[in-house]
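The values are calculated or read from the model by the stated rules, or taken from the named source; none is laboratory data. Owing to the predicted nature of the structure, the values given are computational and were not obtained by experimental measurement. When we count neighbours, we look across all protein chains shown, and the Cβ atoms used for this are built from the backbone with ideal geometry, even at glycine.
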């Protein structure tokens, strides 16, 4: 499939959801249900599921194009992007029985796998110190604990959950003793799972999730007990690449809006885009977006080839997030006071783009990773 065709198909779908649609959802703090359903019906959210299970059987580069085009069209792919990168854990590490049970239904749109429970209030980015505990009792586990920043959990049928099956003090390495579980939220909510939405500065639909002796069948554990952290890491590169593509889409959207306004806005009898103080920052942002995009494609190429790509995936996310944020600020400055008016939609995208300096991994943690694992500097944390 040519990327040009894929881009055209995504753009055509996104035309059904103009700026006014996203603005309304933002003001109502509502989930874009119609958009997510349309993406599901078009098969875009199942592209990474193997064809034998009803999916598209595509690579990470095709998936990244889909999310990029959503954001470039003015939408917010964060409403549904998790299904793509969560999927990889089930595809790569799930048992044949688990794949047969879940993947076809997800590919058909009958089930949503949109939620990923990892972060906890006291652990933050130090994932190995999570306290949520899964205690095995015969053919079930009993799970107790709490997660935070679990986005889209209110609108998902399934959730991938990371919990400790062996206490931290009983393992040789702190990355040991963690396990992954697929939670059926349709049965769990109200029967051991409580969801508490968290109001935020953007319409991100995130929440705290509380687990109170939630029974989970052993057959819902992904892979071997205690190996969950390793399985988790295998999916992080995909997440980084896909988020980088979204940031590229955001950056292009900001540049396009800033360029258009700079051509149309006339002050002192000349378009403001004629002034170097306006055009130079736009051009600089555009150049940085294009440079970040090259790293995004390099990371995607390595990932699809099955090659190690940790440094490239992390650098792609870092550079793309920085480039998008630069472009957001340029668009704000170009529009001046009108950037704060909701009808121009700059302020909404500005808020959404700011998230990627922090999530799903902060820029500082990426820099620490590069310093230690690429440059060989002493570990800083």
Per the list (1) surrounded by fewer than 22 Cβ atoms within 10 Å (Cβ to Cβ); (2) in contact with a strand residue (DSSP E or B) (Cβ under 6 Å, 6 or more places away or on another chain); (3) in contact (Cβ under 8 Å) with a residue 40 or more places away in the chain, residue check on residue 194 breaks on (3)
State whether one or more residues within the range 36-49 are in a loop (DSSP other than H, G, I, E, B) and more than 23 Å from residue 157 (Cβ to Cβ). no
When residues of the range 124-139 are limited to those that are part of a loop (DSSP other than H, G, I, E, B) and in contact with a strand residue (DSSP E or B) (Cβ under 9 Å, 6 or more places away or on another chain), the one surrounded by the fewest Cβ atoms within 10 Å (Cβ to Cβ): 139
Residues of the range 17-44 satisfying the condition of being touching a residue at least 60 places away in the same chain (Cβ under 8 Å) and buried (at least 19 other Cβ atoms within 10 Å of the Cβ): 22, 25, 26, 36, 40
Checked 132, 166 against criteria (over 18 Å from residue 213 (Cβ atoms) and modelled with pLDDT of 95 or more); the one match is 166
Any hit, the range 232-249, residues being over 30 Å from residue 132 (Cα atoms), in contact with a helix residue (DSSP H, G or I) (Cβ under 7 Å, 6 or more places away or on another chain) and surrounded by fewer than 17 Cβ atoms within 10 Å (Cβ to Cβ): no
Given 327, 283, 316, 292, which one is in a helix (DSSP H, G or I), more than 22 Å from the chain's Cα centre (by Cα) and not assigned by TED's automatic domain parsing to the domain that holds residue 150? 283
Of the conditions (1) assigned to a helix (DSSP H, G or I); (2) touching a residue at least 12 places away in the same chain (Cβ under 8 Å); (3) closer than 30 Å to residue 22 by Cβ, residue 116 clears all except one; give me its number. (1)
Out of (1) at positive phi; (2) assigned by TED's automatic domain parsing to the domain that holds residue 370; (3) in contact with a strand residue (DSSP E or B) (Cβ under 9 Å, 6 or more places away or on another chain), what's the single condition that is false for residue 262? (1)
Give just the number: which of (1) closer than 27 Å to residue 203 by Cβ; (2) without any contact (Cβ under 8 Å) to a residue 24 or more places away in the chain; (3) assigned to a loop (DSSP other than H, G, I, E, B) does residue 57 not satisfy? (1)
Can you find, within the range 140-157, the residue that is nearest to the chain's Cα centre (by Cα) among those that are in a strand (DSSP E or B) and under 19 Å from residue 197 (Cβ atoms)? 147
